[in-house]
Amino acid sequence: MEKIEKYTLLYEQIKALIEGETDVVAVMANVVAVIHETMGFWWTGFYCVKSKAGGEGTELVLGPFQGPVACMHIAFGRGVCGTSWARRETVVVPDVEQFPGHIACSSLSRSEIVVPVFSKAHEVVAVLDIDSKDLATFDNIDRQYLEAVCSLITPIF
């Protein structure tokens with residue numbers, strides 16, 4: 001099956017799966033599982049914007065994911081995830097070794113895509129982070145479909 005066919009089916013499956021569900025964690029967990037299983041990526045997960053301990057600002061905190069152990073806290077503007085959050089846009093990195101400030105949770109990760117998730121008020125509330133063990137895995141097809149998937153979960157925020 002070609003990439004576009006996989007993503008088309010994945011989008012419809014996620015849409016049906018989360019319809020009517022209001023629990024954020026349950027939705028994120030199933031979205032991650034469907035993407036990870038369907039596409040076969042190395043690591044797939046969400047980082048959620050949360051208040052830091054002591055209430056001094058916000059950071060990204062590890063949410064539901066599939067794959068090996070991951071970093072638990074990421075600062076605003078740091079690494080690919082923090083950069084996507086700061087820019088409020090999808091970031092595609094063909095070679096993580098070439099990304100300034102990349103946070104290496106695993107040396108096996110070679111390329112990455114991070115898609116911001118917006119609330120109804122258009123604030124970034126999370127990011128969808130996907131890593132591949134291969135270089136240049138992600139392209140505009142991935143960007144387009146993963147942004148569409150992330151837009152499906154906006155209503156629960």
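Residues to consider are 152, 108; find the one that is surrounded by fewer than 19 Cβ atoms within 10 Å (Cβ to Cβ), over 22 Å from residue 11 (Cβ atoms), aliphatic (A, V, I, L, M) and touching a residue at least 60 places away in the same chain (Cβ under 8 Å). Walk me through how you get there before you give the answer.
Details: 152 fails: over 22 Å from residue 11 (Cβ atoms).
Exactly one of 152, 108 is surrounded by fewer than 19 Cβ atoms within 10 Å (Cβ to Cβ), over 22 Å from residue 11 (Cβ atoms), aliphatic (A, V, I, L, M) and touching a residue at least 60 places away in the same chain (Cβ under 8 Å), namely 108.
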>> Restricting to the range 92-105, and then to whatever is assigned to a loop (DSSP other than H, G, I, E, B) and open to solvent by 70 Å² or more (accessible area, probe 1.4 Å), can you tell me which residue is nearest to residue 48 (Cα to Cα)?
In response: 104
> Any idea how many residues of the range 56-84 are in contact (Cβ under 8 Å) with a residue 12 or more places away in the chain and out of contact with any Ser or Thr (no Cβ under 9 Å at 6 or more places or on another chain)?
Replying inline: 15
> Of the residues 134, 95, 129, which is in contact (Cβ under 8 Å) with a residue 40 or more places away in the chain and either over 19 Å from residue 27 (Cβ atoms) or among the aliphatic types (A, V, I, L, M) (or both)?
Replying inline: 95
> Restricting attention to the range 111-138, which residues are within 22 Å of residue 49 (Cβ to Cβ) and open to solvent by 50 Å² or more (accessible area, probe 1.4 Å)?
Replying inline: 120, 121, 122, 123
> Of all the residues that make up the range 80-121, how many are on the phi > 0 side of the Ramachandran plot and either of a type in the set (Asp, Glu) or out of contact with any helix residue (DSSP H, G or I) (no Cβ under 9 Å at 6 or more places or on another chain) (or both)?
Replying inline: 1
> Checking residue 147 against (1) open to solvent by 20 Å² or more (accessible area, probe 1.4 Å); (2) in contact (Cβ under 8 Å) with a residue 40 or more places away in the chain; (3) touching a helix residue (DSSP H, G or I) at 6+ places or on another chain (Cβ under 9 Å); (4) not hydroxyl-bearing (Ser, Thr, Tyr), which single condition isn't satisfied?
Replying inline: (3)
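The values are calculated or read from the model by the stated rules, or taken from the named source; none is laboratory data. Computed from a predicted structure; not experimentally measured. We place every Cβ from the backbone using ideal geometry, glycine too, and count neighbours over all the protein chains shown. Heavy atoms of the whole protein, side chains included, go into the accessibility calculation; ligands, DNA and RNA do not. Shrake-Rupley method; radii C 1.70, N 1.55, O 1.52, S 1.80 Å.
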